[in-house]
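Participant: Shown below is the structure under consideration.
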Amino acid sequence: MPALVEESVPAAITTTSKPGGRLGGLVGSRHARTVGAHLIAVPWIGVLLGIVIVGLVAQAEAPCGCFFTSTNLLTTAQEFSYVALAALGGAMVIMTKGIDLSVGSSMGLAGFLSADLLAHHTAAVPAVVLGLGVGVLVGIVNGILITRLKMQPFIATLGMLSVVRGVALGWSQGFTLYPPLSFTSLGQGTVLGIPNPFVIMLVIAVLLSLFLRYTPLGRHIYAVGGNEDASRLLGIRTQRVKIFVYAFAGMLAAAGGILLMSFLGSADPGAATGYELDVIAACVIGGVSLFGGEGTLFGVVLGAFLIEEIRDALVLDQVPGYWTTLAIGLVILIAMAIDQGRRRVRRVAQ
Amino acid sequence: MSTESLANAEPERVTSTPPILEARGISKSFGTVRALAGVDIDLFEGEIIGLVGDNGAGKSTLIKILSGALLPDAGEIRIDGRPIRLNSPLDAHANGIETVYQDLAVVPQMDIAENLYLGREVRLPGVAGKIGRIIHRRAMRRQAAEHFESLHIKVKSMRQRVDTLSGGQRQGVAVARSVVFGRRIVIMDEPTAALGVQETQQVVELIGRINARGMAIILISHNMPQVLHLSHRIVVLRAGRRAGVLKTAETDVEQVVRVITGAEIIH
């Protein structure tokens with residue numbers, strides 16, 4: 001068993017880190033230099049390589065030989081979409097040099113609120129809108145704590161993690177709710193055979209990427225993370241930008257939570273506990289620098305996929321589930337090391 | 001206009017025209033510390049004034065007030081003789097004042113064109129720009145390239161990230177903003193303090209170039225030879241008061257230093 005871990009996990013290590021390629025690229029041939037430069041400039045290339053290699057290893061090692069089957073891939077696509085949705089918002093927060101630890105709790109509360117409304121015969125649309133609204137509300141509170149009360153994002157959202165989870169737990173008294181069966185069609189349904197949550201996540205990811213790249217507000221999100229003082233002096237309303245990203249992150253987390261509730265057909269007040277860590281991991285693996293000002297949502301989606309793929313691969317390879325946490329932890333550390341290395345190489349390159 | 005001739009050139013101005021920028025009785029206290037006690041300053045069209053003084057003399061406070069980053073406790077600021085209120089950097093921009101900060105107001109992770117237009121992005125024409133708020137990246141790059149060309153700031157491409165630029169080039173980005181947005185007054189806070197010899201020379205030349213285009217400049221610097229080289233007049237602050245105004249052509253480093261330290265009193 002441990003042999004499998006050694007083979008599949010280091011595979012991810014060598015591909016995502018590529019130490020030889022990166023450093024060799026700087027001093028080596030002209031061709032190697034452009035490859036190195038791309039690995040520095042475009043973090044998601046490494047993640048993509050990691051995804052391919054984890055997949056190949058999983059296919060080779062799995063007794064069922066069933067990694068590359070549409071059933072397995074579609075299941076993985078389904079399962080990573082909730083975290084990926086929340087990670088799109090989490091990434092925007094991290095781009096402003098912030099952090100949002102409350103997204104897991106927002107997912108749980110939004111799912112629970114929507115389920116409660118549905119169970120009390122509210123129509124689907126208002127139930128979903130109110131669920132999203134509670135996510136926005138949590139985000140606005142985060143934003144106000146951080147901008148007006150000048151709290152550290154880590155501390156403010158850590159507090160909100162507890163507050164929001166506490167509301168869900170206290171309100172539910174620990175009981176799990178079940179939305180009407182008809183509502184599960186949202187999370188369990190498919191479009192042309194592709195799971196709804198994946199389609200929804202992908203559409204939002206594409207639209208948000210365009211927003212980040214082609215609108216003033218999108219650019220200001222990067223600017224605030226890159227140099228907040230300069231942004232303010234240039235007339236950007238930095239506090240508004242921050243409140244916006246926390247509110248948006250709350251809404252996307254709520255969307256993930258509602259889809260998860262719909263897929264599961266149940267709303268456990270403790271649902272999505274700890275998901276904030278997966279969200280941050282997906283961002284970091286996908287190349288969103290915790291130092292702010294950098295990253296792409298495409299990378300974040302790939303990062304979230306890689307995490308779920310490793311989980312899936314370890315299951316198919318019959319590795320005891322206890323090892324999964326270790327494997328993901330290692331990938332996070334590698335991604336952080338690459339981010340640091342990238343910054344160092346940039347400084348040297350100047 | 002070559003920068004060498006600047007030191008000896010009086011700004012061509014008709015004495016009857018009011019100063020482009022005029023500040024009267026500017027005072028500012030931080031708690032019990034009186035940073036500025038009734039300072040006056042005039043800046044005429046096309047003029048470079050050197051603002052000098054020891055650390056703590058009030059230079060930074062004064063330029064923060066003139067750039068809209070701080071509100072004075074008392075005093076009046078006029079542009080073209082018209083009283084204005086500078087509540088924010090945006091107000092200063094609207095009145096034609098651009099500030100180039102010592103610690104470089106650029107976003108390192110963004111490219112040159114984006115930095116140049118940050119906060120004032122060019123948008124696509126028509127509905128896409130007005131309602132969709134879509135920015136026109138190509139237009140920003142093209143215009144940025146033209147401005148860099150005309151200011152003789154040499155960079156490889158407008159798509160270069162600012163963190164790959166030298167210190168002199170980064171200052172160039174900050175200075176170019178003032179040209180791009182048609183400012184008439186540029187406040188420069190120690191623009192060469194963090195730069196090497198060659199880069200300093202580039203920035204000095206750039207300052208001469210934008211002045212030659214009619215830009216009035218307030219230059220804050222500890223580098224006395226540089227101030228004497230570039231400015232037309234020198235305003236000396238000492239302990240929050242204006243210790244004197246010297247015509248650059250009629251003074252030298254020794255006298256400026258004497259006024260800064262209080263060894264010579266002039267008025």
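Participant: So if I average 1/r over every pair of distinct C-alpha atoms in region A:62-219 and take the inverse, what Kirkwood radius in Å does that give?
Facilitator: About 17.6 Å for region A:62-219.
Participant: Return the long-range amide H neighbours of B:Gly53 (sequence gap of 5 or more, or a different chain), with a cut-off of under 5 Å between placed amide H atoms.
Facilitator: Amide H to amide H, under 5 Å and 5 or more residues apart or across chains, B:Gly53 pairs with B:Leu237.
Participant: Which Cys residues of the protein assembly as shown have no other Cys beta carbon under 4.7 Å away?
Facilitator: A:Cys283 - these cysteines have no disulfide-compatible partner (Cβ-Cβ under 4.7 Å) in the protein assembly as shown.
Participant: What are the trypsin sites (Lys or Arg not before Pro) within region A:146-176 that DSSP puts in a loop, where the Cβ has at most 16 other Cβ atoms within 10 Å?
Facilitator: Numbers: sites: A:Arg148, A:Lys150, A:Arg165; in loops: A:Arg148, A:Lys150.
Listed in order of number, the matching sites are A:Arg148, A:Lys150.
Participant: Something else now. Can you list the residues in region A:229-248 whose accessible area drops by at least 50 Å² when all protein chains are present, compared with the chain alone? Use a 1.4 Å probe, heavy atoms only.
Facilitator: Buried by 50 Å² or more upon assembly, which counts only protein chains, are A:Leu233, A:Leu234.
Participant: Given R₀ = 45 Å, what would the calculated FRET efficiency be for B:Asp80 paired with A:Met336, taking r from the Cβ atoms and rounding to 0.05?
Facilitator: Numbers: r = 55 Å, r/R0 = 1.22.
Between B:Asp80 and A:Met336 the formula returns 0.25.
Participant: Estimate the FRET efficiency between A:Phe68 and B:Lys130 by the formula 1/(1 + (r/R0)^6), using the beta-carbon distance for r and 45 Å for R0, to the nearest 0.05.
Facilitator: Numbers: r = 48 Å, r/R0 = 1.06.
Plugging the Cβ-Cβ distance into 1/(1 + (r/R0)^6) gives 0.40.
Participant: Please list 3J(HN,Hα) in residue order for region B:254-264, calculated via the Karplus relation 6.51 cos²θ - 1.76 cosθ + 1.60 where θ = phi - 60°; whole Hz, with x for glycine and proline.
Facilitator: Whole-Hz 3J(HN,Hα) from phi for region B:254-264: 4, 5, 4, 5, 4, 6, 4, 8, x, 6, 10.
Participant: A further question follows. Averaged per residue, what accessible area in Å² does chain A show with a 1.4 Å probe, protein chains only? Could you put the intermediate results ahead of the total?
Facilitator: Working: 14710 Å² over 350 residues.
Solvent-accessible surface per residue comes out at 42 Å².
Participant: Tell me the carbon and sulfur percent of the accessible area for the protein assembly as shown, rounded to whole percent, probe radius 1.4 Å. Before the final figure, lay out each step's value.
Facilitator: Working: 16140 of 26340 Å².
Whole-percent figure for carbon plus sulfur exposure: 61.
Participant: Can you compute 3J(HN,Hα) from phi for each residue in region A:135-148, using the Karplus curve 6.51 cos²θ - 1.76 cosθ + 1.60 with θ = phi - 60°, rounded to whole Hz and x for Gly and Pro?
Facilitator: My calculation for region A:135-148 gives x, 4, 4, 4, x, 5, 4, 3, x, 5, 4, 7, 8, 7 Hz in order.
Participant: Computed FRET efficiency, Cβ-Cβ of A:Leu169 and A:His121, R0 30 Å: what is it to the nearest 0.05?
Facilitator: Working: r = 24 Å, r/R0 = 0.81.
For R0 = 30 Å, the calculated efficiency reads 0.80.
Participant: Step by step: find N for region A:2-349, compute 2.2 N^0.38 Å, then divide the Cα radius of gyration by it. What's the final number?
Facilitator: Numbers: Rg = 20.4 Å, N = 348, 2.2 N^0.38 = 20.3 Å.
Against the empirical 2.2 N^0.38 Å value, I get 1.00 for region A:2-349.
Participant: Looking at region B:28-261, what % of its DSSP beta bridges pair antiparallel, to the nearest 5?
Facilitator: Rounded to the nearest five, the antiparallel share is 45 percent.
Participant: Would you mind working out the accessible area per residue for chain B, using a 1.4 Å probe, and quoting it in Å²?
Facilitator: 44
Participant: If the chain between A:Leu217 and A:Asp229 were fully stretched, how many nm would it gain, using 0.36 nm times the residue separation less the Cα-Cα distance?
Facilitator: On the way: separation 12, 0.36 × 12 = 4.32 nm, distance 1.66 nm.
Using 0.36 nm per residue and subtracting the Cα-Cα distance, I get 2.7 nm.
Participant: Something else about it: Tell me the angle of helix B:167-180 to the major Cα principal axis of chain B, expressed in degrees between 0 and 90 and rounded to the nearest ten.
Facilitator: Value to nearest ten degrees: 80.
Participant: If I build a Gaussian network model for chain B, linking alpha-carbon pairs within less than 10 angstrom, which residue out of B:Gly50, B:Gly25, B:Gly81 has the largest mean-square fluctuation?
Facilitator: Largest GNM mean-square fluctuation: B:Gly81.
Participant: Now, a different point. May I have the convex hull volume per residue, in Å³, for the Cα set of region B:28-261? It would help to have the intermediate numbers written out before the result.
Facilitator: On the way: hull volume 32.4 nm³, N = 234.
Enclosed volume per residue, from the Cα hull, is 139 Å³.
Participant: So for chain B, averaging the separation of alpha carbon pairs under 8 Å that are six or more residues apart and normalising by length, what relative contact order in percent results?
Facilitator: 28
Participant: When the helices in the protein assembly as shown are scored as -39500 (n - 2.57) per DSSP H run of 4 or longer and the sum is shared across all residues, what 222 nm value do you end up with, to the nearest 500 deg cm²/dmol?
Facilitator: On the way: 25 runs with 352 residues, N = 617.
Only helices count here, giving -18500 deg cm²/dmol.
Participant: A follow-up question, please. Once the Cα atoms of the protein assembly as shown are picked out, what are the Rg and Dmax in Å?
Facilitator: Using the Cα atoms of the protein assembly as shown, the pair Rg, Dmax is 29.2, 93 Å.
Participant: Turning to a different aspect of this structure: Short version: which residues of region B:139-185 lose at least 30 Å² of accessible area, all chains versus chain alone, 1.4 Å probe?
Facilitator: Residues losing area: B:Arg161, B:Asp163.
Participant: What residue among B:Val253, B:Val203, B:Val227 has the largest mean-square fluctuation in a Gaussian network model of chain B, using Cα springs under 10 Å?
Facilitator: Among B:Val253, B:Val203, B:Val227, the largest mean-square fluctuation in the Gaussian network model of chain B belongs to B:Val253.
Participant: Follow-up question, since we're still on this one. Within 10 Å of each Cβ in B:121-134, how many Cβ atoms from other chains are there, averaged over the peptide? Can you show the working numbers first?
Facilitator: On the way: counts 6, 1, 3, 1, 0, 0, 0, 1, 0, 0, 0, 2, 6, 6.
Other-chain Cβ atoms within 10 Å of each residue's Cβ, averaged: 2.
Participant: At q = 0.18, 0.21, 0.22, 0.24 Å⁻¹, work out log10 I(q)/I(0) for region A:259-348 with the Debye formula, treating every Cα as an identical point scatterer and leaving solvent out; two decimals please.
Facilitator: Calculated log10 I(q)/I(0) at the listed q: -0.90, -1.08, -1.13, -1.21.
Participant: Note the buried accessible area between A and B here, summed over both chains, with a 1.4 Å probe, in Å² to the nearest 100. Don't jump to the answer; show the numbers that get you there.
Facilitator: Values: alone 15740 and 12620 Å², together 26340 Å².
For A against B, buried area totals roughly 2000 Å².
Participant: Taking the Cα centre of each part, how many Å lie between region A:142-190 and region B:219-267?
Facilitator: 62
Participant: To continue, here is another question. Going by amide H atoms built from the backbone, whose H comes under 5 Å of the H on B:Leu21, apart from near neighbours?
Facilitator: For B:Leu21, whose amide H was placed from the backbone, the distant partners under 5 Å are B:Leu43, B:Asp80.
Participant: Lysine pairs in the protein assembly as shown 8 or more apart or on different chains: how many have alpha carbons under 22 angstrom apart?
Facilitator: On the way: A:Lys97/A:Lys150; A:Lys97/A:Lys242; A:Lys150/A:Lys242; B:Lys28/B:Lys59; B:Lys28/B:Lys64; B:Lys59/B:Lys247.
Close lysine pairs under the 22 Å cut-off: 6.
Participant: Something else now. GNM on chain A, C-alpha springs below 10 Å: top fluctuator among A:Thr238, A:Thr71, A:Thr157?
Facilitator: Between A:Thr238, A:Thr71, A:Thr157, it is A:Thr71 that shows the largest mean-square fluctuation.
Participant: Please list, short to long, the whole-number percent of alpha-carbon pairs of region B:133-267 in consecutive 5 angstrom bins beginning at zero.
Facilitator: Per 5 Å bin, starting at zero, the Cα-Cα P(r) for region B:133-267 comes out as 2, 9, 18, 19, 17, 13, 9, 6, 4, 3, 1, 0 percent.
Participant: Between A:Ser182 and A:Leu56, 0.36 nm times their residue separation minus their Cα-Cα distance comes to what? Walk me through the numbers on the way to the answer.
Facilitator: Values: separation 126, 0.36 × 126 = 45.36 nm, distance 3.83 nm.
The span from A:Ser182 to A:Leu56 would gain 41.5 nm if fully extended.
Participant: Something else: In whole Hz, with x marking every Gly and Pro, tabulate ³J(HN,Hα) for region A:274-289 from phi via Karplus 6.51 cos²θ - 1.76 cosθ + 1.60, θ = phi - 60°.
Facilitator: Once rounded to whole Hz, the list reads x, 5, 4, 6, 4, 4, 5, 4, 4, 5, 5, 4, x, x, 7, 6.
Participant: Still on this model: What residue among A:Val42, A:Gly189, A:Leu233 has its Cα farthest toward the positive end of the dipole of region A:2-349, where the charges are +1 on Lys, Arg and -1 on Asp, Glu, each on the Cβ?
Facilitator: After comparing all options, I get A:Leu233.
Participant: Just to compare against my own numbers: the Cα pair-distance distribution for region A:63-124, 5 Å bins, whole % per bin, please.
Facilitator: Percent of Cα pairs in each bin: 4, 14, 15, 14, 16, 14, 12, 9, 3, 0.
The values are calculated or read from the model by the stated rules, or taken from the named source; none is laboratory data. If you're wondering where the values come from, they're calculated on a predicted model, not measured in any experiment. Positions of Cβ are generated from backbone atoms using ideal geometry, with glycine treated the same way; all protein chains shown enter the neighbour counts. Side chains are part of the model used for accessible areas, which takes the heavy atoms of the whole protein and leaves out ligands, DNA and RNA. Shrake-Rupley method; radii C 1.70, N 1.55, O 1.52, S 1.80 Å.
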